[in-house]
Structures are given as structure tokens and as C-alpha cells.
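Engineer: Starting off with a structure, shown below.
The values are calculated or read from the model by the stated rules, or taken from the named source; none is laboratory data. The structure presented is a predicted model; accordingly, all values stated were derived computationally and were not measured. Reconstructed Cβ throughout: ideal geometry from the backbone, glycine too, with neighbour counts over all protein chains shown. Heavy atoms of the whole protein, side chains included, go into the accessibility calculation; ligands, DNA and RNA do not. Shrake-Rupley method; radii C 1.70, N 1.55, O 1.52, S 1.80 Å.
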Amino acid sequence: MTTPARPVAFVTGVVAVILALAYLVYGGIQQGATYWVTVGELRHKNSAPPGPVRLGGTVVPGSVAWDPSHQHLRFAVTDGVDAIPVRYSGVVPDIFAEGRQVVVEGRLTADGVFAATTLLAKCPTKYNPADPQKQVPG
Amino acid sequence: MGVVMALLAAAAAAWVLAPLHAAALSAGGSGSRAGGQPERLRAAGDALRDLELDHATGKVSEDDYRLLRAAYERREAEAGRASRGSSV
Amino acid sequence: MADLGRFSLLAALVLALYALAAAALGGRGRRPELVTSAARALVAVAALEALAAGMLIVALVRRDYTFAYVVAHVRDAQALGYDLTAFWSGMEGSLLLWALILSGYTLVAVRSVARTRPLLLPGVVGVCAGVAAFFLFMLTAVTPPFVTAPFPPADGQGMNPLLLNPWMAIHPPTLYLGFVGLTIPFAVVVASLLTGAADEGGVLLARRWMLWAWYCLSMGLMFGAKWSYVVLGWGGYWAWDPVENAALMPWLVSTAFLHSVLIQERRAMLQQWTVVLVVLAFGLSIFGTFLTRSGVLSSVHSFTQSPLGGYFLGFLALSMVAAFALVAWRWEALRSEHTLESALSRESAFLLNNVVFLAVAFAVFLGTVFPVLSEVVTGRRMNVGPPFFDHVVTPLGVVLLLLMGVGPLLPWRRASAASLRTNFLAPGAVGILLALGLLVAGMRAPGAVLAFALCGFVAGTVILEFVRGVRVRRAHQGDGPVRALAALVLQHRRRYGGYIVHLGILLLFCGVTGSSVFSTQRLVTLRAGEAVDVGEYRVRYDGLRQSTGSGALVITAALRAFSGGRDLGPLDARRTLFLTGEDSTTEIGLRSTPRDDLYVTLVGWTAGGDATLRLLVNPLVLWIWAGGLVLTAGAAIAMVPDRRPARVREIAPAGAWSPGGL
């Protein structure tokens with residue numbers, strides 16, 4: 001049984017949508033993609049990629065300093081081995097605290113401090129295994 | 001606690017396996033045929049009512065209306081026949 | 001007691017595996033007694049899961065700290081209501097909830113299928129048993145809820161205080177009702193494929209279940225957005241977080257299904273596509289559960305952080321490979337009667353709508369798994385944030401908006417120029433007038449003007465549909481307008497319920513456009529007595545108040561809002577610092593009007609009584625919540641079944657399975 005050909009105009013429409021999607025996705029990636037880096041990679045600067053990066057790690061206890069009059073936050077982030085100082089200006093999420101996991105987006109400046117433009121803290125107890133013996137990965 | 005678990009297990013097993021014991025009555029009936037399906041009948045009825053509304057509000061041309069109406073009525077008849085099992 | 005709980009889950013696992021085997025053997029060998037036995041096994045599974053859940057709830061309510069789960073989620077100072085919600089706030093409990101909801105749905109589905117489509121029963125029982133077995137396996141071997149410790153601590157850790165909120169209490173169970181609800185249509189479709197797919201692949205039967213799942217997912221997504229807006233205090237309601245996307249993707253695919261199944265019913269087209277959508281929706285619901293459980297994509301670390309992820313992915317891969325293999329096997333049997341005839345018809349608009357929905361779902365998927373994908377492809381892990389999603393999804397959303405207006409008004413089969421004129425002239429005029437009006441009023445953002453104009457156009461088309469329908473009814477029945485409207489909606493519930501859903505989407509669209517494009521923000525530090533202007537409001541900071549109670553320190557910034565000199569009342573914003581641990585929560589100062597929201601967060605303060613405040617004016621946010629309400633109401637209307645009792649049942653030859661004995 002032969003199937004009648006679908007209207008050309010319609011196939012064109014579908015192809016147009018797919019092409020538009022590809023174009024949009026490509027543009028979106030160009031605009032918005034950031035590399036993930038680790039503290040170790042930033043410390044040993046040769047392997048860090050250019051442009052804004054995302055850095056994840058744990059907030060070092062005792063390193064947090066908050067200046068309320070200028071909304072400046074300074075703290076250090078560690079991957080368990082190395083640590084890097086971070087400075088951030090803006091709203092600090094409620095979950096942010098010492099010993100908690102945090103993700104910052106920004107650039108490493110010439111003075112070795114990571115200037116963060118975005119600060120995200122991870123909710124530690126929300127959807128993780130309820131095992132008190134488990135170490136919070138750092 | 002062990003007694004409770006054993007009792008639970010036994011009760012569940014008994015209830016679950018009972019149909020297998022009672023299977024002696026069943027003849028080896030084969031020949032499954034997909035009979036009418038009630039949702040097909042409902043769908044055909046829905047389609048007819050919707051078509052009437054579409055026609056009344058001018059969203060179907062006269063020719064298409066006649067064509068579609070015939071098709072839906074045919075479908076409804078088939079689904080109704082199959083449901084009554086007259087062909088079995 | 002823990003022993004009983006563990007035993008219940010283990011026994012349930014054994015029974016589920018038995019049910020899977022029995023249903024498979026019974027279906028293949030045409031032995032109805034095996035199928036009945038399998039169905040009974042699933043009833044027993046439900047009872048055992050309920051028993052285990054009951055044990056867990058009792059432990060939570062009694063604050064039995066010998067259970068590790070209770071220690072992790074309950075604290076003496078926590079309110080009892082939230083002790084109950086702790087049941088699903090942790091991993092193990094939420095998997096148990098998943099399994100329990102699945103059992104509930106299974107019981108209903110088995111009864112209904114046994115009564116009306118007994119041919120499909122082995123398949124449905126088998127699939128439900130298989131999925132249940134997976135979750136029970138996770139609950140017995142990988143993430144057991146009944147882990148105990150010999151020396152219980154004096155107090156538990158309690159839930160994160162951000163979760164102690166009514167919206168967060170109902171959000172997970174509602175979402176789960178949706179996620180799990182996608183399993184039943186999947187089971188029906190697989191059963192149909194296994195038995196020859198002579199019945200449109202089972203999609204007609206699956207439709208009701210998909211609509212229900214869609215309904216729950218919609219509500220779950222709205223609750224989550226509301227929680228994000230009101231509790232997290234960042235001023236937004238949607239962050240394109242992997243966990244949010246996890247729920248959005250199955251919602252998008254279900255929406256596509258609800259449209260394509262209509263084409264299937266009316267024009268016997270797109271059968272293969274519709275079946276694929278059901279399989280895809282189920283796959284995305286498992287993937288979504290995996291995303292929210294394993295934390296894989298929010299983390300910096302390697303692919304699977306916990307063994308949980310591996311099992312989920314394995315199950316997902318297995319079920320998808322098997323299901324698609326089945327679809328491929330029955331591909332020819334699923335071929336539709338008709339194909340598309342004209343590029344300009346309701347069918348083509350619906351099909352285009354489906355393509356775009358899938359495109360959005362694909363884009364969201366791509367953005368969500370981008371870190372993993374980029375690492376595999378380029379060796380470096382990369383991330384895409386909200387800008388990516390906004391950039392890709394917004395134009396596609398606008399196309400969907402246009403289709404929403406155009407689709408229902410296009411004729412079936414073929415649209416003529418005359419029909420286009422009659423249908424689109426008035427709404428088109430509304431859209432254009434609205435655009436001109438907005439431009440004249442000073443709105444300059446082209447995207448926003450386009451979006452609002454399109455909303456006007458679509459609203460025009462929907463209202464036109466109502467008006468026409470009422471007119472027809474009055475002409476035939478001579479009812480008054482109100483009666484005609486009510487009768488119209490009740491007689492054509494799917495259609496007019498659907499139109500009401502579209503109206504809800506319109507409100508949502510306007511709300512999202514308004515708050516995304518026209519929101520204003522200020523971040524300031526004020527001394528007591530100082531005021532700040534934001535938008536057309538002026539907010540005065542009157543000083544800091546402090547209070548303690550139930551283990552928490554509450555800092556309140558006393559604020560007062562004014563607009564054009566008029567006193568609008570207090571607008572306090574507070575932070576609560578929990579003295580146990582380092583948690584804190586925010587209570588925003590919020591003043592909502594249909595026009596905009598005035599939204600204040602207390603960011604920080606000094607010992608000297610200065611307060612750092614973040615102020616936002618978000619236009620039209622109320623329209624988003626209103627839109628959510630309207631769309632759930634529309635879905636509820638569409639779901640009401642016919643009063644016409646479908647007393648017809650599938651005639652299966654004597655000697656085949658009879659549902660008696662269930």
C-alpha cells in the first residue's frame with residue numbers, strides 16, 4: 001500500500017522548526033556556556049580555560065567574612081586539597097554556610113582571588129541519602 | 001514479630017496462589033479476538049458531537065462535513081456492533 | 001518494628017517479581033488463572049507497601065530516633081505536620097511514596113482494564129509489576145528506609161527549614177501523582193503492543209490517565225514555582241534548575257500527547273507518533289525521578305555520585321530499549337488510516353504544535369544534561385544557565401502561543417481562504433489594536449509587545465469560540481445566554497475545558513512576560529528612617545526588630561510602602577536564624593496586586609541597625625498564579641467523565657480470562 005506524499009509545505013514547516021531549533025541552541029550555547037573547573041585547576045593556572053567559569057567546592061569553615069554595608073562577602077572554597085579565596089557582591093542565599101557545598105560563577109583575577117558574579121549554595125539535606133555517617137563530599 | 005511475619009507471608013501466599021488451585025475448571029480457551037472497545041465507541045460518539053458543533057459554527061465545509069460524518073457514523077456502528085459481540 | 005518494615009518491603013519485592021512472571025506466563029500461555037494470581041499479588045504488594053509506609057509514618061510521628069531516616073528529617077522542635085511531610089522529604093521515603101502511589105494507581109487500572117479490556121490485563125499487570133519491582137528493589141537493597149542504629153541520639157537533625165512551608169509540603173506528592181501517573185498509560189500502551197496493537201496502540205484508553213497525570217504535573221509545577229517565589233527570596237519563580245526541568249519535560253511531552261491523541265480520535269492520524277509520545281513521557285518521568293534523586297547534575301563531581309544513579313539509568317535504559325523495540329515490532333500495525341492532506345488545516349496545526357513542544361522538551365533536555373554531554377564530547381565539563389534556556393525556549397513559546405490561537409479555529413482537512421477570513425479577522429484585529437495601544441502607551445520592548453498582542457489575538461479566538469457556540473445553542477434550544485454557556489461547556493467538556501486551559505496559559509504567558517521584561521530591582525543599604533524609590537513605590541525603612549522563640553532568632557526589618565504619597569501599609573521582611581546549625585530562612589515582604597508585586601528581601605544588617613534590602617517590582621506576577629488556577633479548573637472540567645454509562649465491555653470468548661476472583 002502506497003502512502004500519499006505529505007504536503008510539501010508542511011514538511012518545509014517541520015524542517016524549518018528543526019533548523020530554527022538548531023540555530024537557537026547553537027546561539028544559546030555560545031551565549032551562555034561556562035566551563036566547570038575545580039579548585040585544583042585554578043590554583044595551577046595553566047589548565048584553567050578562559051572566560052567565565054563555574055567553580056564548585058565546600059566553604060572553608062572560619063573563612064567567611066560579610067560586610068553588610070557594602071554587601072561584600074569573602075570566603076574560601078576548597079576541594080579538600082587546595083583552597084581558593086572568593087569575593088562576591090550581592091544577595092547571599094539562605095543555605096550558604098560554612099562547610100556547605102557552593103557553586104560560584106566568575107573569573108579568577110590577577111591577585112589570585114576568584115571574583116564571583118553568581119553564588120549558588122546546594123541544599124545539603126534535601127534529596128541526599130539520609131545517612132549520617134556519610135561524609136559531605138568536599 | 002517473627003510470628004507476625006510468618007503469618008503475613010502465609011496469608012499472602014495462600015490468597016495469591018488460590019486461583020492456580022481453582023484453575024481446574026478452566027477449559028483451554030483460545031482464540032483471543034480483540035472485540036469492541038468501549039473507548040472506541042465513546043470516541044466515535046464524541047467525534048460526532050464535536051463535528052456537529054464545528055459544522056454549526058462554520059468550521060467545516062459542507063463537503064468535508066458530509067465526508068467526516070459518514071466516516072464517524074461508520075466507526076460508531078462498527079464499535080457498537082463489536083461491543084454487542086454479535087459477530088462472536 | 002523496623003524488622004516488620006524491612007520484611008514487608010522484601011515480601012512485596014518477591015510478590016512483585018512473582019506478579020511479573022505470572023502475568024508474562026499467563027499472557028503468553030493464555031492461562032487466565034495466572035493472570036488473576038498476578039493481579040492478586042499486586043494487591044498484596046499494595047497492602048505490604050501501605051504497612052511499611054504506616055511503620056515509617058508512625059516512627060516519624062513518634063520521633064523514634066533509632067531510625068536513621070527519622071533522625072535525618074525530624075527534630076523535637078519541629079511541628080507535627082512537617083514530621084508527616086518528612087515522609088517524602090528524604091530519598092528513601094520519597095521512593096516509598098512513589099511505590100505506594102504506583103500501587104494505588106495499579107489497583108484502579110487493573111480493575112478498570114479487567115472490566116473493559118481484559119485482553120490487555122496481562123500486559124498492564126506485567127508492566128506495573130515490573131516497575132514496582134524496580135522501586136522495591138531500590139527500597140530493599142539500595143536505599144532502605146528502615147536503617148536503625150543501636151544508640152539513638154537525643155534529638156534529630158530535622159528538615160531543612162526551607163522545606164517547612166505549606167507549598168513545599170504539597171509540592172512533592174502532587175508532582176509524584178503526576179510522575180507516577182505516566183506509568184499506567186505506558187503499561188496500557190505496552191500491553192496493546194504486546195497483543196497486536198489492533199486498537200490504535202491503546203492510546204484511546206491511555207488518554208484519561210495521561211490527562212490526570214498532566215493535571216497533577218501542572219499543579220505540582222505551579223506549587224514549586226510558588227514556593228520558589230515566596231520562600232527562596234530571590235524574586236523569581238523559575239530558575240531552569242535541573243530539578244525543575246525534570247518535571248517540565250514530561251509535562252511538555254504529555255501536553256503534546258493530549259493534542260495528538262485528539263487528531264488520532266478525529267482523523268485516525270498520527271497513531272505511531274502518539275504511541276511514541278506515551279513511551280517517551282514514561283521515560284522522562286523515570287529520568288525526572290533520577291534527576292531529582294541522585295543530584296548528579298547539580299554537582300561538580302563525577303557522573304554518578306551515588307550508586308542510586310546507576311540503577312535508575314539502568315532501569316531507564318532497559319525499559320526504553322524494550323518499549324521502543326516493541327514499537328518497532330508493531331510499527332506497521334500502528335500505521336494510521338489517514339495522512340495529512342493539506343498544510344493548512346487543524347491537523348497540520350496540531351502536528352506543528354507537537355513538533356514544537358518536542359523541540360522545547362529536547363532543548364530543555366539538552367540544556368539540563370549539557371554538563372555530562374559536554375564532558376563526554378569535548379572532555380571538559382561545561383554548563384549552560386538560564387540565559388540558554390530563555391534564549392531557546394522563548395521564541396518557541398511564542399510560536400506555540402500563535403498555534404494555540406490558530407489551531408482550534410482552522411477547519412478539519414482543508415482550510416479555504418473564506419474560512420480563514422471568517423475565523424481570524426476579528427481576533428487578528430484585536431491583536432493588532434492591542435499592539436498599537438501598547439506602543440502608543442509607551443511600551444518599547446518589541447518582544448513584550450509581540451507577546452501581549454499575540455495573547456490578545458488568542459484570547460480573541462477563544463472568546464469567539466465561546467460566543468459562536470453559545471449562539472448556536474441559543475438558536476437551537478432557545479436558552480438564555482448564561483444557560484446556553486453552561487450547557488455548552490458541560491456538553492462539550494473536552495473542547496471547552498481545553499479552551500479554558502488555553503485561557504489559563506494565556507494568563508500565565510502574560511504574567512511571565514510582564515515579570516520577565518518589566519521587572520525593576522534595587523539593592524540598597526538603609527539607615528533607620530531612610531526611604532528608597534523603586535518603580536512607582538517608595539519604601540521606608542523604620543528600623544530593625546529582634547525576637548527569639550522556639551530555638552530561632554528572628555530579625556525583622558520594619559518597612560512601610562507608599563505609592564504617590566498614599567500609605568500602603570507595612571511590608572516587613574524578616575530573616576529567621578536557627579540557633580541549631582547554620583540554617584536560616586527568609587520571609588519576604590510582599591504586596592501583591594493584579595498590576596504588580598512589590599517584593600522585599602532582607603539581605604543583611606549591621607550591628608548599628610542598618611539594613612541591606614533587595615527590592616523588586618515584578619509586574620503581573622499575580623496573573624501567573626491566576627493562570628495556574630484557571631488551567632487546573634479547565635482540566636478538571638475536561639476530565640469529568642460522561643454520564644452516559646459505558647456499559648459495553650470487550651467480548652472475549654468464553655474460557656479466556658474472566659476477572660472474577662480478583
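Engineer: About its Cα centre, how strong a charge dipole does the protein assembly as shown have in debye, to the nearest 20, once Lys and Arg get +1 and Asp and Glu get -1 at the Cβ?
Structural biologist: Value, rounded to 20: 2180 debye.
Engineer: Pull up the DSSP beta bridges for the protein assembly as shown and report the antiparallel fraction as a percent, rounded to 5.
Structural biologist: 95 percent
Engineer: Let me ask something else. Just the accessible area per residue of chain C, please: how many Å² with a 1.4 Å probe?
Structural biologist: Computed with neighbouring chains in place, this is 37 Å² per residue.
Engineer: Between C:Ala607 and C:Leu490, what is the label-to-label distance in nm when each label sits 7 Å out along the Cα-to-Cβ direction?
Structural biologist: In this crude label model, C:Ala607 to C:Leu490 measures out at 7.1 nm.
Engineer: Still on this model: With the full set of protein chains in place, find how many percent of the accessible area of the protein assembly as shown is carbon and sulfur; take the probe as 1.4 Å.
Structural biologist: Exposed carbon and sulfur together represent 64 percent of the surface.
Engineer: For segment C:520-621, list log₁₀ I(q)/I(0) at each q in 0.22 Å⁻¹, using the Debye formula over Cα point scatterers of equal strength and ignoring solvent, two decimals each.
Structural biologist: Reported log10 I(q)/I(0), two decimals: -1.11.
Engineer: As I understand it, the dipole of segment C:520-621 uses +1 on the Cβ of Lys and Arg and -1 on the Cβ of Asp and Glu, about the Cα centre. Which of C:Gly608, C:Ser563, C:Thr525 lies farthest toward its positive end?
Structural biologist: With unit charges placed on the Cβ atoms, the residue in question is C:Ser563.
Engineer: Arrange the peptides B:11-20, C:211-220 so that the one whose residues have, on average, the most other Cβ atoms within 10 Å appears first.
Structural biologist: Packing order, densest peptide first, comes out as C:211-220, B:11-20.
Engineer: Any chance you could check the Cα centroid distance between segment C:122-140 and segment C:541-580 for me, in angstrom?
Structural biologist: 51 Å
Engineer: Moving on to the next point. Using protein heavy atoms only (no ligands, DNA or RNA), what is the total accessible area buried between B and C, 1.4 Å probe, nearest 100 Å²?
Structural biologist: 4700 Å²
Engineer: A further question follows. Charges at C-beta only: +1 for Lys and Arg, -1 for Asp and Glu. How large is the resulting dipole of segment C:399-517 about its Cα centre, in Debye rounded to 20?
Structural biologist: In debye, rounded to 20, segment C:399-517 gives about 440.
Engineer: 7 Å from Cα along Cα→Cβ at both C:Arg595 and C:Ile432: what's the point-to-point distance in nm?
Structural biologist: Between C:Arg595 and C:Ile432, the simple spin-label model gives 3.1 nm.
Engineer: When the C-alpha atoms of chain C are aligned to their principal axes, what extent does each axis show, in angstrom, from largest down?
Structural biologist: Computed over chain C, the largest-to-smallest principal extents equal 86, 80, 58 Å.
Engineer: In debye, nearest 20: dipole of segment C:127-276 around its Cα centre with unit charges on the Cβ of K, R (+) and D, E (-)?
Structural biologist: In total the dipole reaches around 300 debye.
Engineer: Could you work out how far apart the two model spin labels at C:Ala528 and C:Met639 are, taking each label as a point 7 Å from the Cα in the direction of the beta carbon, and quote it in nm?
Structural biologist: 5.3 nm
Engineer: To one decimal place, what Kirkwood hydrodynamic radius in Å is obtained for segment C:78-125 from all pairs of distinct Cα atoms?
Structural biologist: Computed over segment C:78-125, the radius equals 12.6 Å.
Engineer: Only sites in a loop by DSSP and with at most 13 other Cβ atoms within 10 Å count here; which trypsin sites (Lys or Arg not before Pro) in segment A:38-112 make the cut?
Structural biologist: Sites meeting the loop and neighbour criteria: none at all.
Engineer: How many Å² of accessible surface get buried when A and C come together, counting both sides, probe radius 1.4 Å, rounded to the nearest 100?
Structural biologist: By this definition, chains A and C bury close to 5000 Å².
Engineer: Using a loss threshold of 20 Å², tell me which positions in segment C:75-107 are less accessible in the complex than in their chain alone. Probe radius 1.4 Å, ligands and nucleic acids ignored.
Structural biologist: C:Ser89, C:Met91, C:Glu92
Engineer: Determine the relative contact order of segment C:520-621: mean sequence separation of Cα pairs under 8 Å and six or more apart, normalised by residue count, in whole percent.
Structural biologist: Relative contact order here is 26 percent.
Engineer: What number, in nm² with one decimal, is the all-direction average of the projected area of the convex hull of the alpha-carbon atoms of segment C:1-78?
Structural biologist: Result: a mean projected hull area of 5.5 nm².
Engineer: To continue, here is another question. Show me, for segment A:90-96, the HN-Hα J-couplings you get by feeding each phi into the Karplus relation (A = 6.51, B = -1.76, C = 1.60, θ = phi - 60°), rounded to Hz, glycine and proline as x.
Structural biologist: x, 7, 9, x, 4, 6, 5
Engineer: Taking just the alpha-carbon atoms of the protein assembly as shown, what radius of gyration and Dmax come out, in angstrom?
Structural biologist: Here Rg and the maximum Cα pair distance are 29.4, 90 Å.
Engineer: I would also like to ask the following. Per-residue mean of other chain beta-carbon atoms within 10 angstrom of the beta-carbon, peptide A:68-77?
Structural biologist: 3
Engineer: What average number of partner chain Cβ atoms lie no more than 10 Å from the Cβ of the residues making up C:37-50?
Structural biologist: 3
Engineer: Of all the stretches in chain C, which is the longest one without any exposed loop site, taking trypsin sites (Lys or Arg not before Pro) in a DSSP loop (any state but H, G, I, E, B) with at most 16 other Cβ atoms within 10 Å?
Structural biologist: Free of exposed loop sites, the longest segment is C:63-334.
Engineer: Something else now. How compact and how long is segment C:409-551, expressed as Rg and Dmax of its alpha-carbon atoms in Å?
Structural biologist: Just the Cα atoms of segment C:409-551 yield Rg and Dmax of 23.6, 72 Å.
Engineer: While we're here: Which values of log₁₀ I(q)/I(0), to two decimal places, follow from the Debye formula for segment A:3-104 at q = 0.10 Å⁻¹ with a uniform point scatterer at every Cα?
Structural biologist: Calculated log10 I(q)/I(0) at the listed q: -0.48.
Engineer: Next up: I'd like the distance separating the alpha-carbon centroids of segment C:473-493 and segment C:399-453, in whole Å.
Structural biologist: 27 Å
Engineer: Cα extents of segment C:381-464 along the three principal axes, largest first, in whole Å?
Structural biologist: Here the spans come out as 54, 38, 19 Å, largest first.
Engineer: So what is the 222 nm mean residue ellipticity for chain C from helices alone, if each DSSP H run of at least 4 adds -39500 (n - 2.57) and you divide by all residues, rounding to the nearest 500 deg cm²/dmol?
Structural biologist: Estimated from H runs of four or more residues: -21500 deg cm²/dmol.
Engineer: Using Cα-Cα distances under 8 Å and only pairs 6 or more residues apart, what relative contact order does segment C:269-406 have, in percent?
Structural biologist: Relative contact order, segment C:269-406: 24 percent.
Engineer: Shifting gears a bit: Relative contact order of chain C: what whole-number percent is it, with Cα pairs under 8 angstrom and at least 6 residues apart?
Structural biologist: Reported as a whole number, the value is 12 percent.
Engineer: Averaged over its residues, how many other protein chain Cβ atoms are within 10 Å of peptide B:58-69's Cβ atoms?
Structural biologist: Across the residues of B:58-69, the mean count of other-chain Cβ atoms within 10 Å is 4.
Engineer: Measure out, as a whole number of angstrom, how far apart the alpha-carbon centroids of segment A:78-124 and segment B:47-73 sit.
Structural biologist: Each part's Cα centre sits 64 Å from the other's.
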